[in-house]
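Structure first, then comments.
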Amino acid sequence: MNNSNTTKETLLKKIKNKTAIVAVIGLGYVGLPLAVEKAKAGYKTIGFDIQDKRVNMVNEGKNYIGDVVDEELDDLVKKGLLSATTDYSIVKEADFIAICVPTPLDEYKQPDISYVKNSTIEISKHLKKGAIVVLESTTYPGTTEELLLPILEQGSGLKCGQDFYLAFSPERVDPGNLIYKTKNTPKVVGGVGKDATEIAAAMYRNILQGEVFEVSSPKVAEMEKLLENTYRNINIGLANEMAIICNKMGINVWEVIEAAKTKPYGFQAFYPGPGLGGHCIPLDPYYLSWKAREYDYHTQLIETSGIINDSMPQYVVERSSKILNKFKKALNGSKILILGVAYKQDIDDYRESPAIKVIENFEKEGSIVDYYDPYVDEYKYKGKTKKGIKGLTKEALKNADLVVITTSHTKVDYEFVQANSIYIFDTKNAMKNVENRNNIELL
Ligand SMILES: NC(=O)c1ccc[n+]([C@@H]2O[C@H](COP(=O)([O-])OP(=O)(O)OC[C@H]3O[C@@H](n4cnc5c(N)ncnc54)[C@H](O)[C@@H]3O)[C@@H](O)[C@H]2O)c1
């Protein structure tokens, strides 16, 4: 048996008998649920974050992510299976290191890979022989081999595939999804070499219930994640374009989609709305278009769907203007109540939320805008904080010239909204079950 075989067998053994120590870098929407699953499976898990507040909360057994069960987190911390730190030197203890840091865009919609780069530099300083590093953040094809591999080799002085292993395995968590969680969602793994794939896959098979699907390289795994999210982005773009056309033709787009859904094959329903939100669907396709330019290819579908989706917040304001016009009112000076600033139903995440752009566009026109969101008391945007109203009262509804629904939170009593509002523009079909519809207009 040569040296690298011994290293691999030792790591596989540690994974099997659960003596491997796991590090999760970045304790956000992806990292914290993953750290909890690893600790629940019996691995001693250490979470790393640059935010002291998050690290302190974890160490106190306090949860801050919707998909994590409060009691489970507390219990794992008490049992000593889960802890958190800002101190990267502790990476030297870890056998399995998962990177779950943000991959946003900069102001020119170009990949901001600095979080991945900085965390990898820190890991490289403390990486021990025989460990595996797995990148889980969504990114462009080539990141693992072109960016992480040289940083890790240089910083550690170790050789990839011989002294340590490296793989990419995209995270698919869908915050707020009641059926599919980190635990039961199938996972794709692509390593630098077969050994890395085998080791990473062995770990995921030990902790997850979902299928673990092995691919031939990190690039395939990086690209498949971009295919998943680009597919959603483009199909939502199509749904938004259908909404615009249907409105011009006097057709209810929501009824059209329900009808199309009856086809048992070849059609998957996507829905229109005020635009795209969240840390994935609006951003990830631009990682692909940026990388494609290196190969003299200009992605056309991504750009086109970006044009449609990015125009939706302004489209919502224009449609609202037409509604107000019927009441002889102008956008300037009208009172608008926005229902929902989270980017999707029943969660508190407002990153990239189109509702915030809708509010901005209304305010630019001189409208007086309040918002209500049962999950988001206040939000920060372009350096300013906007506070929501505390309760959805009769007065708040009656006081608004127009109520605009931008998130379909199920906690909201839509019968009550209908009964007490002058007029409602529902961009999410949140009021589909409300019978009296004489003051409701749909996107
Ligand atoms: N949120 C989702 O629904 C989702 C789903 C699938 C994939 N992803 C991908 O997963 C990745 C993480 O997304 P997220 O939503 O969990 O982000 P997040 O912002 O919720 O969490 C990231 C965490 O990383 C920390 N961090 C930043 N730099 C760090 C560093 N150098 N060292 C240690 N910690 C650091 C941040 O403080 C933060 O707590 C992204 O690439 C995203 O595209 C997200």
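Structure data summary
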item: Share of alpha-carbon pairs per 5 Å distance bin for region 386-434, given as whole %; result: 5, 22, 33, 29, 11, 1, 0
item: Whole-Å distance, taken between Cα centres, linking region 60-133 and region 195-216; result: 19 Å
item: Tail fraction, Cα-Cα pairs, region 311-397, threshold 19 Å, whole percent; result: 38 percent
item: Ranked GLU107, GLU145, criterion: other C-beta atoms within 10 Å, fewest first; result: GLU107, GLU145
item: Unit charges on C-beta of K, R, D, E only; dipole of region 194-300, Debye; result: 240 debye
item: Largest-first principal axis extents of the Cα set of region 3-216 (Å); result: 47, 43, 33
item: Expected 222 nm ellipticity per residue - DSSP helices of 4 or more, -39500 (n - 2.57), all of the chain, to 500; result: -12500 deg cm²/dmol
item: Relative pair counts by distance (%), Cα atoms of the chain, 20 Å bins; result: 24, 50, 24, 2, 0
item: For the chain, built as a Gaussian network whose Cα springs stay under 10 Å, the top-fluctuating residue of ASP296, ASP106, ASP195; result: ASP296
item: Per residue Cα convex hull volume in Å³ - calculated over region 262-442; result: 144 Å³
item: Dimensionless Rg over Rh [region 64-191; C-alpha; Kirkwood]; result: 0.98
item: Candidates GLN418, GLN345, GLN154, ranked by Gaussian network fluctuation over the chain, Cα under 10 Å, top entry; result: GLN154
item: Rg(Cα) / (2.2 N^0.38 Å) computed for region 289-330, rounded to two decimals; result: 1.90
item: Using alpha-carbon coordinates, inclination of helix 194-207 to the longest axis of the chain, degrees; result: 60 degrees
item: Once the Cα gyration tensor of region 183-287 is diagonalised, semi-axes √(5λ) in Å; result: 37, 16, 11
item: Residue exposure sequence - LEU11, LEU178, LEU208 - by fewest surrounding Cβ within 10 Å; result: LEU178, LEU208, LEU11
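We did not get these values from a lab; they are worked out from the coordinates using the rules stated. What you see is a predicted model; the values in this text were computed from it and never measured. Reconstructed Cβ throughout: ideal geometry from the backbone, glycine too, with neighbour counts over all protein chains shown.
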